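Heads up, the thing below is written out as structure tokens.
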Amino acid sequence: MRLLRAWAEQEAEDAIDWYLRDKRLKRIGAKTVRALVVLLTVAGAVLPLSSAVAGRSPGGWGYVLLGLAAGCKGFDLVFGLSTGWMRDIRAAQALRGELNDVRLAWAADTLRAGGRDGAGTDGGPLSASELERQLELIGRLVTAVRERIGTETDDWLTEFRSTTQQLHEPGGPVGPAVPQ
């Protein structure tokens, strides 16, 4: 039973670690792209103004910089860096919560058994009901991990399809729809 529980907990820990690693990469990417959007937008607005103040022709560089800023924003939307970062955090927290709940329930069962992990309440082997309870806890954890990964995959796919559909629509918005 201990090996089965250790395997289930390791599966949960592995999934949590994956989401946290993925979050780090997306966080760095999202912050970099957002910083570029701000810098390029400011530069795109200031360049023509500074040229006008200096009495020079602004040329088209302001438009180029604003276009690059829009391209950075579009990159973030298409590749889901900002939204993916938040989803990874949510998934890791949900999995950690489920793992902790199962560990607490297991500890409570162990205490009810007299503090002997894997022993029944009478110190002997686990009774059928105790065994069933422990198997239920392990099954709950494995199911929670599988369902969370499936939900996150479905959410990512939905977001990806929505974004690519918006990109293909002529004149359609790129980004979340704004209520009218």
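Assorted remarks:
- Restricting 126, 141, 49 to those that are within 36 Å of the chain's Cα centre (by Cα) and either in a helix (DSSP H, G or I) or among the hydrophobic types (A, V, I, L, M, F, W, C) (or both) reduces the list to 141.
- Every test in (1) among the small types (Gly, Ala, Ser); (2) farther than 26 Å from residue 167 by Cβ; (3) not in a loop (DSSP other than H, G, I, E, B) is passed by residue 59 save one, and that test is (3).
- Lone qualifier among 25, 3, 95, 104 - being exposed (fewer than 15 other Cβ atoms within 10 Å of the Cβ) and closer than 26 Å to residue 161 by Cβ: 25
- Filter result for the condition that a residue is of a type outside the set (Phe, Trp, Tyr) and without any contact (Cβ under 8 Å) to a residue 12 or more places away in the chain, over 5, 21: 21
- Unique residue being at pLDDT below 90, surrounded by 17 or more Cβ atoms within 10 Å (Cβ to Cβ), hydrophobic (A, V, I, L, M, F, W, C) and touching a helix residue (DSSP H, G or I) at 6+ places or on another chain (Cβ under 7 Å) when the list is 36, 77: 77
- In the stretch 29-85, the residues that are closer than 25 Å to residue 153 by Cβ and of a type outside the set (A, V, I, L, M, F, W, C): 29, 31, 74, 76, 80, 82, 83, 84
- From the list 103, 87, 2, 21, the lone residue that is at pLDDT 90 or above and over 22 Å from the mean Cα position of the chain (by Cα) is 103.
- Extreme residue, modelled with the lowest pLDDT, among residues of the stretch 43-55 that are touching a helix residue (DSSP H, G or I) at 6+ places or on another chain (Cβ under 9 Å) and open to solvent by 70 Å² or more (accessible area, probe 1.4 Å): 49
The values are calculated or read from the model by the stated rules, or taken from the named source; none is laboratory data. What you are looking at is a predicted structure, and each value in this text was computed from that prediction instead of being measured. All Cβ positions, even for glycine, are placed from backbone atoms using ideal geometry, and neighbour counts span all protein chains on display. Keep in mind that these areas ignore ligands, DNA and RNA; they rest on the heavy atoms of the full protein, side chains included. Shrake-Rupley method; radii C 1.70, N 1.55, O 1.52, S 1.80 Å.
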